[in-house]
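K.L.:
This is the structure, below, for whatever I ask next.
A short reminder: the numbers here are calculations on the coordinates, not readings from a lab. Quick caveat: nothing in here was measured; it's all calculated off a predicted structure. So basically every Cβ, Gly included, is an ideal-geometry build from the backbone, and we count neighbours across all protein chains shown.
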Amino acid sequence: MQDIKKEKTLVIIKPDGVQRGLVGEVVKRYERTGLKLLGLKFIVPTEGMIEKHYLVDPDWIVKRGTKTIQAYKDKGLEPPEMNPEKSGRNVLNVLKKYLSSGPVVAMVWQGMNAVKIVRKITGESAEPLSNDVGTIRSDFTIDSYAAADTDSRAVRNLVHNSGSVDDAEKEIVLWFKSEELISYRLINESILYDVNLDGILE
């Protein structure tokens, strides 16, 4: 059985996040929850790497296309493409162009419920406009699907985060070698995880 205190998730600060000088702010948001940073790298990914990243789930294209079509319908808008596979492929193509356009910061975070915690902090929706105030995507950008479609580009939503524990496991090995992830103990883990708060009083 997997130790829930050691759940891992992948976060990528996208080129727009790097260009806008938000790396420190994004890291701070995750760090202050008590999650632990295991690895970090600054790279310019290739389009091939981005395609591998999204296709760790072989059904991603159809799922993404279906989700994109539904998102338009939910807002009373006409989807630009009604075929889920074509819609998903269009999304993948713009994502490859977007994420390979400049440097990104890839990170692995660890802690109890890491995947869900990071998704809540980041914002559940890929569209910044649809996220609640207080999330990274809502607080630091004003982009929307409509604006992105008008410009024929990807939504600039600053951060990627793994959608599930299974996705995280597959994505992490694409971005990091095992020796690039550091195993260590943070002092505050005793407050977060130890059964008793022993040793606080002198």
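K.L.:
Helix 165-175 versus the longest principal axis of the chain: what angle, 0 to 90°, nearest 10, using Cα atoms?
P.N.:
The angle comes out near 90 degrees.
K.L.:
Shifting gears a bit: With each pseudo-label sitting 7 Å past Cα toward Cβ, what's the Lys41-Asp194 distance in nm, one decimal?
P.N.:
Placing both labels 7 Å along Cα→Cβ, they lie 3.5 nm apart.
K.L.:
What trypsin sites (Lys or Arg not before Pro) does the range 65-121 have in DSSP loop regions with at most 15 other beta carbons within 10 Å?
P.N.:
Values: sites: Lys67, Lys73, Lys75, Lys86, Arg89, Lys96, Lys97, Lys116, Arg119, Lys120; in loops: Lys75.
Listed in order of number, the matching sites are Lys75.
K.L.:
So for the chain, averaging the separation of alpha carbon pairs under 8 Å that are six or more residues apart and normalising by length, what relative contact order in percent results?
P.N.:
Details: 304 pairs, mean separation 67.6, N = 202.
Rounded, it is 33 percent for the chain.
K.L.:
Let me ask something else. Might you report the magnitude of the Cβ-based charge dipole of the range 110-194 about its Cα centre, with Lys and Arg at +1 and Asp and Glu at -1, to the nearest 20 debye? Show your work: numbers first, answer last.
P.N.:
Details: 9 positive and 15 negative charges, 17 e Å.
Dipole about the Cα centre, nearest 20: 80 debye.
K.L.:
Could you give the size of the charge dipole of the chain about its Cα centre, using +1 on the Cβ of each K and R and -1 on the Cβ of each D and E, expressed in debye and rounded to the nearest 20?
P.N.:
Values: 29 positive and 30 negative charges, 70 e Å.
Charge dipole of the chain: 340 debye, to the nearest 20.
K.L.:
What FRET efficiency comes out for the pair Glu78/Lys52, r = Cβ-Cβ distance, R0 = 35 Å, nearest 0.05?
P.N.:
Taking R0 as 35 Å, the efficiency between Glu78 and Lys52 is 0.65.
K.L.:
Ok, one more. With a cut-off of at most 10 other beta carbons within 10 Å, and DSSP calling the residue loop, which GluC sites (Glu not before Pro) in the range 72-131 qualify? Please list them. Write out the running numbers ahead of the final one.
P.N.:
Details: sites: Glu81, Glu85, Glu124; in loops: Glu81, Glu124.
Hits after loop and neighbour filter: nothing returned.
K.L.:
Okay, moving on. Would you calculate the separation in nanometres between label points at Val165 and Val23, each defined as 7 Å from the Cα along the Cα-to-beta-carbon direction?
P.N.:
3.2 nm
K.L.:
With the cut-off at 30 Å, tell me which of the pairs Lys6/Lys75; Lys75/Lys170; Lys96/Lys120; Lys75/Lys177 have Cα atoms farther apart than that.
P.N.:
From Lys6/Lys75; Lys75/Lys170; Lys96/Lys120; Lys75/Lys177, over 30 Å: Lys6/Lys75; Lys75/Lys170; Lys75/Lys177.
K.L.:
In addition: Pop the C-beta distance of Asp3 and Lys120 into the FRET formula with R0 = 22 Å and round what comes out to the nearest 0.05.
P.N.:
On the way: r = 21 Å, r/R0 = 0.97.
The computed FRET efficiency comes out at 0.55.
K.L.:
So, one more: Apply the Karplus curve 6.51 cos²θ - 1.76 cosθ + 1.60, θ = phi - 60°, to the phi angles in the range 103-109 and return the couplings in whole Hz, x for Gly and Pro.
P.N.:
So the J values, rounded to whole Hz, are x, 10, 10, 9, 9, 10, 10.
K.L.:
So what's the Cα pair-distance distribution over the chain, bin width 5 Å, in %?
P.N.:
Percent of pairs per bin, in order: 1, 7, 14, 19, 20, 16, 10, 6, 3, 2, 1, 1, 0, 0.
K.L.:
Could I have the simple spin-label model distance between Lys97 and Lys177, label points 7 Å from Cα toward Cβ, reported in nm to one decimal?
P.N.:
3.4 nm
K.L.:
While we're here: Rounded to the nearest Å, what's the spacing between the alpha carbon centres of the range 28-77 and the range 94-128? Just the number, please.
P.N.:
What the calculation gives is 6 Å, centre to centre.
K.L.:
Residue-wise, which Karplus ³J(HN,Hα) couplings in Hz belong to the range 123-136, taking 6.51 cos²θ - 1.76 cosθ + 1.60, θ = phi - 60°, and x for glycine or proline?
P.N.:
x, 5, 8, 5, 8, x, 4, 8, 8, 6, 4, x, 8, 4
K.L.:
Between the DSSP loop rule and a limit of at most 10 other Cβ atoms within 10 Å, which chymotrypsin sites (Phe, Trp or Tyr not before Pro) in the range 15-73 are left?
P.N.:
Passing sites in the range 15-73 do not exist.
K.L.:
What lysines sit close enough to Lys73 to cross-link, taking a C-alpha to C-alpha distance under 20 Å and skipping anything fewer than 8 places away on the same chain?
P.N.:
Lys73 reaches Lys63, Lys86.
K.L.:
Among all the aspartates and glutamates, which ones have a C-alpha under 19 Å from Lys52's C-alpha, if same-chain residues fewer than 8 places away are not counted?
P.N.:
Filter leaves Glu85, Asp166, Asp167, Glu169, Glu171.
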